[in-house]
Each structure stands twice: as C-alpha cells, then as structure tokens.
Amino acid sequence: MNSPQSESPPPLTVLVEQARSPNAGRAEVDALLLGLAQPPRPGEEAHERAELLRQILDDKRLRSFIGSQGRQVHGAAAQAMVALGEPYSQQLSPQDRVAMRAAEARAAQSRARPTRPTEPAEPADSQDEAQQPLPEGISLRQLFGRMLLMAVGAIELYVILFHIAPSRGFPLVPLVFSVGTTFVPAWLAASPKAVAQRVRHFSYLGLVLFPCAPMAMGAVALFVLGSSRPTRTDYLFLYAPLAMVAARLVAAGCLYTRRRD
C-alpha cells in the first residue's frame with residue numbers, strides 16, 4: 001500500500017486547468033505555483049513544458065493570480081521558463097522579465113527579513129506594490145471601466161478649467177474632488193491589493209458613486225425650477241449631468257471585482 005508521501009503531484013496541465021476553473025480558489029492557485037516550481041516530470045520534454053508555460057504567460061487572467069503567500073503566477077511561470085535554459089529563456093517578453101525580477105526581489109526580501117518565532121509571518125496583502133500583478137493583468141471589463149471613468153474625469157476637468165475657472169478663479173476644491181472621484185479610483189480600485197482588502201476596494205467604488213445622487217438631483221431640480229418653456233440649453237444642462245452619472249455607475253460596475261477565496 002502506497003503512503004501519501006509517495007503519491008506524485010498532478011501534472012502541470014491538470015493544475016493549470018484547475019486554476020482556470022471559474023470555481024477555483026486560493027488553494028488551486030497555490031497548487032499551480034507549487035507545480036511551476038517543480039522540474040519537468042519523467043518523460044516530459046522540455047519543449048512541451050515550455051509550450052505550456054508560454055500559454056500561462058500569454059493568459060492575462062491566469063498570470064495575474066496571487067497565491068496565499070503573495071507569489072504571483074506571472075513571475076513563477078517566467079522563472080520556470082528560465083529554469084529550462086536556452087533557447088527557452090530567450091522567449092520571455094520584457095513584461096515577463098519584469099514579473100520575474102519582481103518575484104526574485106520578493107524572494108530575496110523574504111529571505112533577508114527575519115520572522116520572530118512568536119509572531120505569524122506577514123500576510124500577502126501587506127506586501128509592496130511592486131509585488132502585485134502588472135497593470136495589464138486586469139480584465140477587459142476592468143480596463144473598460146478604468147478608461148470610462150478617466151474619460152468622465154477628463155470631461156469634468158475641462159468644464160472646471162475652461163468654464164468655471166475663468167469666472168470664479170482657480171477652483172482648487174472642485175479640481176481635487178473631481179480627480180479624487182475619477183482618476184484615483186480608476187487606477188486603484190481594481191488593483192490586486194485593493195481587491196484583496198475589501199474595505200479599500202469598496203471605498204474606491206464609493207468615491208466613484210458619491211457624486212451621483214447630488215449630480216442627478218441637482219440637474220433635475222434646475223430643470224424643473226427653470227423656465228416653463230425649456231430651451232436646448234436647459235435640456236443640455238439636464239442630460240449632460242445625467243449622462244455623467246450613468247457613466248460613473250457603469251464604470252463602478254465594471255471596476256467591481258470579487259475577491260478570490
């Protein structure tokens with residue numbers, strides 16, 4: 001009867017499929033990271049392993065996953081490709097090499113930082129930003145939400161600088177408010193650290209949604225209390241803020257990300 005220690009780990013192809021599963025969690029990602037650190041199995045050709053690693057590196061969703069210890073699949077796969085030697089190590093893209101160097105730097109920091117026996121190790125969520133997935137690791141939905149929210153911010157800045165500032169002076173407060181509710185959450189709301197720390201994630205989304213109610217109610221109130229015979233300008237001041245509110249709602253929905261358990 002074979003002991004549990006003698007059982008060989010699943011093939012890397014199986015680990016990849018498990019991590020890609022919609023129901024996959026942190027355990028599947030940890031198993032994939034462990035498999036990437038193992039040498040090729042007996043009978044497995046180097047070119048077969050390199051082809052599989054290339055598929056992982058080209059999968060933006062899969063390579064952005066982070067294990068329970070803060071390791072990222074992107075960097076681990078790049079390290080595994082380098083371990084195969086030439087000519088496979090030359091197939092890494094500049095982005096792959098950046099991820100590999102970040103993984104190596106994190107490993108060096110972990111070795112250099114002593115851990116007291118009486119204290120638990122530092123959780124992965126408190127690691128440096130340099131150890132998080134690269135910006136291109138976000139999904140297309142999140143990228144669309146980011147670009148839409150930044151477009152809203154650009155329009156608001158244009159209105160503030162070219163329509164409000166000439167008559168009222170430099171509007172510092174509106175500028176800070178606009179940037180803080182558009183550009184800041186657009187860049188940070190979908191970051192891996194924000195997604196892992198749910199309070200931070202929902203705080204960024206709250207910043208996006210905070211101006212929506214005042215903008216909508218203000219636009220409707222001005223329209224209702226305005227002229228009894230609305231002009232094109234009246235309709236513009238009604239529909240433009242409502243369109244901005246709708247854009248913020250869509251952007252917040254796109255940026256919302258569930259945490260991987």
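The values are calculated or read from the model by the stated rules, or taken from the named source; none is laboratory data. Bear in mind that the values here come from a model prediction, so they are computed numbers and not experimental data. Here the Cβ is made from the backbone with ideal geometry for all residues, glycine too, and neighbour counts use every protein chain on show. The protein model used for the area step is the full one, side chains on, heavy atoms only, and it has no ligands, DNA or RNA in it. Shrake-Rupley method; radii C 1.70, N 1.55, O 1.52, S 1.80 Å.
What FRET efficiency, computed as 1/(1 + (r/R0)^6) with R0 = 51 Å and r the Cβ-Cβ distance, is obtained for Arg258 and Ser167, rounded to the nearest 0.05?
0.65
Compute the FRET efficiency between Glu86 and Ala154 as 1/(1 + (r/R0)^6), taking r as their Cβ-Cβ distance and R0 = 51 Å, and round to the nearest 0.05.
0.60
So if I average 1/r over every pair of distinct C-alpha atoms in the chain and take the inverse, what Kirkwood radius in Å does that give?
Mean inverse Cα-Cα distance, inverted, gives 21.6 Å.
So, by mean Cβ neighbours within 10 angstrom, what's the order for 196-207, 179-190 with the highest one leading?
Descending mean neighbour count gives 179-190, 196-207.
With all protein chains present, calculate the accessible area of Ile164 using a 1.4 Å probe and round the result to the nearest 10 Å².
Ile164 has an accessible surface of roughly 60 Å² with all protein chains in place.
If I model a spin label at Glu104 and Asn23 as a point 7 Å from the Cα along the Cα→Cβ vector, what separation in nanometres do I get?
4.0 nm
Mind giving me the nanometre distance, one decimal, between the label points for Leu222 and Val176, set 7 Å out from Cα along Cα→Cβ?
Output for this residue pair reads 2.3 nm.
Quote to one decimal, in nm, the extra length available between Leu143 and Arg200 on full extension: 0.36 nm per residue of separation minus the C-alpha distance between them.
18.6 nm
Leaving ligands, DNA and RNA out of it, work out the accessible area of Asp58 with a 1.4 Å probe and give it in Å² to the nearest 10.
Number for this one is 100 Å².
Quote the FRET efficiency, to the nearest 0.05, computed for Gln38 versus Val250 with a Förster distance R0 of 41 Å and r equal to the Cβ-Cβ distance.
E(calc), rounded to 0.05, equals 0.40.
What angle, in degrees between 0 and 90 and rounded to the nearest 10, separates the Cα long axis of helix 198-209 from the longest principal axis of the Cα atoms of the chain?
30 degrees
For the chain, what does the accessible surface come to per residue with a 1.4 Å probe? Please give it in Å².
Value returned for the chain: 60 Å² of accessible area per residue.
On C-alpha positions alone, give me the angle between the axis of helix 94-112 and the longest principal axis of the chain, in degrees, nearest 10.
70 degrees
Principal axes first, then extents: for the Cα atoms of region 146-193, list largest minus smallest coordinate on each axis, whole Å, largest first.
42, 17, 7
Give the Kirkwood hydrodynamic radius (Å, one decimal) of region 26-66, defined as one over the mean of 1/r across all pairs of different Cα atoms.
That comes to 11.1 Å for region 26-66.
Defining a contact as two alpha carbons under 8 Å apart and six or more residues distant in sequence, what relative contact order in percent does the chain show?
RCO, the chain: 16 percent.
What is the percent carbon and sulfur in the accessible area of region 158-261, measuring with a 1.4 Å probe over the protein chains and ignoring ligands?
Carbon with sulfur: 72 percent of the solvent-accessible area.
Based on the mean of other Cβ atoms within 10 Å per residue, sort peptides 91-97, 13-19, 168-174 so the most packed one is first.
Ranked by mean Cβ neighbours within 10 Å, highest first: 13-19, 91-97, 168-174.
Can you check how the C-alpha radius of gyration of region 130-261 compares to 2.2 N^0.38 Å, as a plain ratio?
Against the compact-globule rule of thumb, the ratio is 1.20.
In percent, how large is the relative contact order of region 203-261, given Cα pairs closer than 8 Å and 6 or more residues apart?
RCO, region 203-261: 48 percent.
Expected output is a single nm value to one decimal: the length gained when fully extending between Gln95 and Arg232, i.e. 0.36 nm times separation in residues minus the C-alpha distance. What is it?
Additional length available on full extension: 44.3 nm.
Roll a 1.4 angstrom probe over the protein heavy atoms and tell me the percent of accessible area of region 9-99 that is carbon or sulfur.
That share works out to 54 percent.
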